[in-house]
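FYI, it's all coordinate maths here, none of it is from the lab. For clarity, every value in this text was computed on a predicted model and none was experimentally measured. Backbone-built Cβ (ideal geometry, glycine too); neighbour counts: all protein chains shown.
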Amino acid sequence: MNDFLAAAVQLTSTSQPEVNFAAAEEQIELASRRGAELIGLPENFAFMGDDQQRLDLSATLAEQCSNFLVTMARRYQVVLLGGGFPVPLGDGTRTLNRSELIDRDGQLLARYDKIHLFDVDLPEGNTYQESATIASGEEPPPVVDVPGLCKVGLSICYDVRFPELYRYLISQGAELLMIPAAFTAFTGKDHWQVLLQARAIENTAYVVAPAQTGPHYGRRHSHGHAMVIDPWGTVLGDAGVLQGAAIAPVDTSHVRRIREQMPSLKHRKPMLF
């Protein structure tokens, strides 16, 4: 039975990577001092700027982000998720949006390239077209058995609207779902928490959801409220709207207990239509 603290970090990232790395390290250090053993950084933790600048910086950023995650994991002896950073595709016009999970020794445990891309026209006037400059990942999200902690399933932001992805993660043994995000302020106010709680409840799994918060550039504004949610859907930690972290205990025996009390995963029927 594993019992540990998980931290969902919340940042207001900008178009200045060095500033963002410094802010991320500050929160990693603070979370580790509070005893967190699993720490997640949000999507776009190293860069939040316009599409062309992201493309121009992607080769450098990809290397910087991977090195940063390895260094931080080793320095603070934590399992660390970099929730999403650009990796050049090689065609000069698009990147992947990649997350990496690193162990305490700096070894890569898993990586995931975001599958679902946010192509949406919102009623408040903002238009998002991720597919114009980001390529969809081609591999299913991984589940990794993190030594001493639990089985962790990866996803990124817009994935949260696609419950079949999380059913797949659960079918692969996930006990904790990582959902790092840069959720828009407009959609976040109505959908963020309820979607996270739904994914936790329907899969009887913990959810750790790092988040971006506040204004970034132009009209881009993120919702905040990084969260840790338990398998019953209870919000154990909420970072609010300031930079910081939601930190809460994860108990894998609680996952097993809830799955025994509410065995909905066992009650699923083959689809007839």
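Some observations on this one:
- A Förster radius of 45 Å combined with the Cβ-Cβ distance from residue 59 to residue 269 puts the calculated FRET efficiency at roughly 0.40.
- Length gained on full extension, residue 260 to residue 164: 32.4 nm, using 0.36 nm per residue less the C-alpha separation.
- Dividing the convex hull volume of the alpha carbon atoms of the stretch 135-183 by its residue count gives 86 Å³ per residue.
- Hydrodynamic radius of the stretch 1-77 per Kirkwood, over alpha carbon pairs, in Å: 13.2 Å
- Ranking 115, 146, 170 by Cα position along the charge dipole of the stretch 104-248, where only Lys, Arg, Asp and Glu carry charges on their C-beta atoms, puts 146 farthest toward the positive end.
- Each Lys and Arg adds +1 at its Cβ and each Asp and Glu adds -1 at its Cβ; summed about the Cα centre, the chain shows a dipole of about 700 debye.
- Here the ratio of the Cα radius of gyration of the chain to 2.2 N^0.38 Å is 0.94.
- Segments 152-158, 140-146 sorted - mean Cβ within 10 Å per residue, highest first: 152-158, 140-146
- Hull volume per residue, based on the alpha-carbon atoms of the stretch 67-147 and their convex hull, is 125 Å³.
- Options 262, 129, 21, ranked by Cα towards positive dipole end of the chain, top entry (Cβ charges): 262
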